[in-house]
Structure formats: structure tokens, C-alpha cells
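Below you'll find the structure, written out as C-alpha cells, and then a few comments.
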Amino acid sequence: FNFLHAANTTESMSASQSAGLYQLKFLKRRLRNPFRRQTMTTMEDATTPSDDTDFSDTENTLVIPAGNLGLHFSPTAPHVLQRIDTESPIFEHTIQFIGRIAFRLYVPDKITIRGALDNVAIESILAGSSHIADRKLMFKDRGGKPDQTLVTSTVLPKGPVYASFLETNGYIKSANRVYVERGAPNMNYEFPIGHFVQKVVIPNQFEYEGAIRTVDMLRDMLDKYKDVEGRKIVFHKELPRGGPVINVTLPKGPTGILFYADITDPSELPMISSIIAPSVLDIPVDYVVAKLIVPNEITMERMECAHFEEVLNKYSEVEGRTIVLHPSRKTISNAGTKITITLTSGKLGLIIKSFRDTFWVAKVKPDSYWIRKVPAGYYLESLVIPGEMELMGKDEMRNATYLSVKLKEHDNVADRIMVLQQNKEDITKFNNGTQRRLI
């Protein structure tokens with residue numbers, strides 16, 4: 001089913017003339033109001049939606065309770081909210097969205113869609129989910145940048161998946177993509193025909209993004225985890241770009257993964273050698289580890305194998321450790337290691353020095369929490385103190401003394417973030433400016 005070119009239906013005119021006149025007058029008042037906000041968040045830089053966390057922009061989000069609520073969208077593009085039945089229980093809350101485009105739709109535990117939704121798709125999905133509360137629609141003004149593609153994130157029920165899939169038959173088999181041939185019964189919107197499988201998510205285990213290249217691979221994965229709650233498939237209307245990336249969530253304790261470094265790689269990035277019992281991790285061997293994420297602690301990118309294993313083992317009892325895998329070293333930047341740390345409260349035990357426009361960790365004290373996690377000699381790129389300030393570049397960080405003062409002033413603030421680079425040339429170049437205060 002093609003959301004963008006679905007057949008339009010004639011809009012019902014059941015609402016009273018007076019209601020329509022009232023809504024039209026309200027819309028005209030909004031358009032005449034020069035103080036109404038003219039910009040809003042767009043999707044260009046957004047990540048694939050997984051749940052309602054994408055709807056944090058409450059000013060532009062309509063929360064929809066259970067029931068049939070009488071929302072009507074225009075049958076021609078752009079498909080704006082055209083009117084609301086006067087008897088709708090959310091009439092007063094919805095008036096402000098008349099004349100605006102719905103570009104994101106969320107139905108809890110069922111489906112999330114972002115992109116150029118048409119009236120048939122929106123009204124059909126809302127009607128089919130009328131028994132579900134806390135649905136959400138996000139709106140934007142007309143005239144903004146068009147959405148690049150249509151993205152559908154479908155939560156799969158437990159058990160077999162009855163949709164059927166095909167794969168492209170390109171000359172290079174590793175570049176093939178899997179797409180929907182036919183949706184599961186009564187799930188046409190959850191399995192949009194002709195849309196490509198971009199990601200498969202098995203909660204608390206792994207995410208395969210761009211790595212599903214055959215129907216057999218997809219079927220085997222869905223069947224193996226058919227009893228897992230909350231499985232998801234993310235579909236793209238357009239052919240997805242980019243190479244395969246696999247995010248693996250590691251269990252607490254020993255991982256059962258053996259790593260090695262390729263002697264031909266000057267950076268000595270860790271690679272998956274083998275999986276040993278009793279590990280049940282479902283990951284391919286010879287993939288390269290591009291990133292390690294330890295929630296609320298540290299994120300390391302492009303790290304040398306020995307240092308990676310040391311940090312991985314130090315945090316063996318942390319829930320939710322994640323490694324990001326690439327099939328080849330060629331798809332990973334040649335930049336040096338980047339480390340992002342969430343600072344502990346109190347004294348850090350880090351000695352930072354500066355000279356001209358350069359800031360670096362001169363020493364990590366033996367009793368520091370960060371000993372053997374943060375190497376001495378790394379360059380400081382930025383410092384963020386939540387709710388206070390964000391310091392980037394020479395003009396804002398000034399010198400080592402200034403940084404030390406700021407760290408001491410806010411040593412009781414949780415979740416301060418420091419970004420470090422192994423190589424000076426990899427530090428992001430910031431425009432000259434003034435210190436930013438976060439509010």
C-alpha cells in the first residue's frame with residue numbers, strides 16, 4: 001500500500017455549518033496573528049522513531065484519547081487538518097492545529113509513522129485504533145521542507161509474522177534489500193507494500209540496521225525470536241542508503257565474546273573472533289567494533305582493542321552495555337579514538353592543562369575513578385554542565401584555570417559531559433562566539 005498515493009475519499013460533511021464557519025474564522029485569526037511561532041522541529045536530523053519519545057515537542061503534539069474523535073483531513077495535498085466535529089471531546093484542544101500538516105503519528109505498542117501522511121492513512125489508522133488511549137499526532141506548518149521519506153516502525157505481536165516479503169535481485173547480492181510483498185491480515189499500514197526493511201529490533205538484545213539482505217535471514221530472525229515481547233521492524237518507503245550496522249546489547253557479566261585486532265589495521269580496532277558457551281548472543285564473527293556505549297558512564301568510538309576490552313570488563317556489571325558493529329573497517333572513520341564521559345560528582349582526579357588553543361588531560365591521578373578508562377594525553381573538545389553552560393572551543397573554554405573553576409563550582413551537578421579526542425586534528429572546529437548558557 002502506497003501511503004503517498006492512496007486513493008482519496010470524499011470527505012464527510014456531517015459537521016454543522018456553524019461549526020465549520022467557527023473553525024474557519026479561528027484559522028483566519030491564527031494566520032493573521034504576527035506573534036504566532038512560525039518555525040518548528042523538522043525531521044531532517046531526527047533518528048528513526050521507536051516510541052513516543054519522539055513527541056517531546058508538546059506544543060506541536062496532540063494527545064488523542066480512545067474513541068472516535070471526529071478529526072477530518074483534506075483529501076488533497078498538503079493533507080492538513082481541515083475540521084473537527086463539534087461534539088468531539090478534544091474539540092477545544094484541537095482547534096489550534098487546523099490548517100497544519102500532521103507528519104508524525106504514534107499508536108502505543110502498535111505503530112509509529114513519520115513522513116508525508118495522507119488523509120486516508122491518518123483517518124484509517126485512527127479509526128482502527130479507536131480503542132487505544134494516548135495516541136499522538138505531531139503537526140507542522142505548511143511551507144516547510146518536505147519530508148525525505150516515509151518511515152514506519154511496527155511493533156510485532158508475539159508469534160509468527162504472516163506478512164510476505166521479497167528481495168531485490170541486484171548484481172551484487174550483498175547490496176540486496178528486502179521489501180514487503182503483502183501485509184499481514186488487517187495490518188496493511190503496519191506492513192506497507194513495497195516498503196523496504198531498514199531495521200529489525202529485538203528488545204534488550206540487538207538492532208540490525210541495513211543488515212537484512214535476504215528474505216531467509218529475516219524469516220529466520222523473526223521465527224527465532226517469535227516469543228519476545230516488543231519486536232519491531234522499521235520500514236522505509238525509499239531505498240535506504242548506507243551500509244549494515246548492528247547494535248548489540250550485552251548481558252551483565254562475561255559476554256562470551258572473544259575479540260582480536262587485525263594486524264593490517266593501524267588503529268587495531270577490536271573485531272569479533274568467536275562466541276563461546278554459555279553465551280547466546282546472535283552476532284556475526286569478523287565484524288568490527290566501532291563503538292562501545294556504557295549507559296550514563298562512558299562512550300568510546302574507534303578504540304584500540306586492548307583498551308576496549310579493559311573498559312568493557314571494568315563495567316561488566318552495568319546493565320545495557322552496547323557495542324556497535326560494522327561489517328568492514330572501510331565503513332568506519334580513520335579518525336582517532338573519541339571518548340565521551342559522564343562525570344561523577346565531586347573531585348574528578350583529572351589534571352587538565354592548556355596552551356594557546358589546545359586543552360588536554362595531562363594526568364589521571366592514581367585514585368581517580370577514571371584511572372585506566374581515560375588515557376592521559378587526550379585532548380578536550382567540549383564540556384557540558386546540564387542546565388548551566390556548554391563550553392566549546394578556545395573562546396569558550398578560555399584556559400585550564402577557567403575550566404577547573406567551572407568544574408569545582410558545579411562539582412555536585414549530575415550528568416556533566418566531557419568529550420575527549422585522541423588526536424588534536426580530530427577536534428571539531430567551532431565558530432568564535434560566546435559561552436552558551438543552557439536553560
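The values are calculated or read from the model by the stated rules, or taken from the named source; none is laboratory data. Note that this is a predicted model, so its numbers are computed, not measured. Positions of Cβ are backbone-derived with ideal geometry, glycine not excepted, and every protein chain shown enters the neighbour counts. For accessibility, only protein heavy atoms count, side chains too; no ligands or nucleic acids. Shrake-Rupley method; radii C 1.70, N 1.55, O 1.52, S 1.80 Å.
General observations
- Whenever a residue of the stretch 73-91 is more than 15 Å from Phe103 (Cα to Cα), its partners that are loosely packed, with under 15 Cβ neighbours inside 10 Å and modelled with pLDDT of 90 or more, lying with C-beta atoms within less than 8 angstrom and at least six residues away or across chains, give the pairs Pro89/Pro65; Pro89/Gly67; Ile90/Pro65.
- Residues that are part of a strand (DSSP E or B), of a type in the set (A, V, I, L, M, F, W, C) and either surrounded by 16 or more Cβ atoms within 10 Å (Cβ to Cβ) or touching a Gly at 6+ places or on another chain (Cβ under 6 Å) (or both), drawn from the stretch 257-289: Ile257, Phe259, Ala261, Met271, Ile272, Ile275, Val288, Val289
- Taking the stretch 188-209 as the range and being farther than 13 Å from Val248 by Cβ, in a loop (DSSP other than H, G, I, E, B) and open to solvent by 20 Å² or more (accessible area, probe 1.4 Å) as the test, the residues that pass are Asn188, Tyr189, Ile193, Gly194.
- Tally, over the stretch 345-382, of residues that are under 18 Å from Asn412 (Cβ atoms) and either modelled with pLDDT of 95 or more or surrounded by fewer than 16 Cβ atoms within 10 Å (Cβ to Cβ) (or both): 3
- Exactly one residue out of Leu218, Leu239 is outside any loop (DSSP other than H, G, I, E, B) and under 30 Å from Ala163 (Cα atoms), and it is Leu218.
- Figure legend. Inter-residue proximity from the stretch 218-244: first residues surrounded by 13 or more Cβ atoms within 10 Å (Cβ to Cβ), second residues part of a helix (DSSP H, G or I), beta-carbon distance below 6 Å, spacing 6+ or different chains. Indicated pairs: Gly243/Thr331.
- Selection count, the stretch 295-314, where residues are within 21 Å of the chain's Cα centre (by Cα), closer than 21 Å to Asp265 by Cα and either open to solvent by 30 Å² or more (accessible area, probe 1.4 Å) or small (Gly, Ala, Ser) (or both): 2
- In the stretch 361-391, residue nearest to Leu407 (Cα to Cα) [restricted to those that are touching a residue at least 40 places away in the same chain (Cβ under 8 Å) and hydrophobic (A, V, I, L, M, F, W, C)]: Ile385
- Residue match in the stretch 390-407 (condition: touching a strand residue (DSSP E or B) at 6+ places or on another chain (Cβ under 6 Å) and of a type in the set (D, E, K, R)): yes
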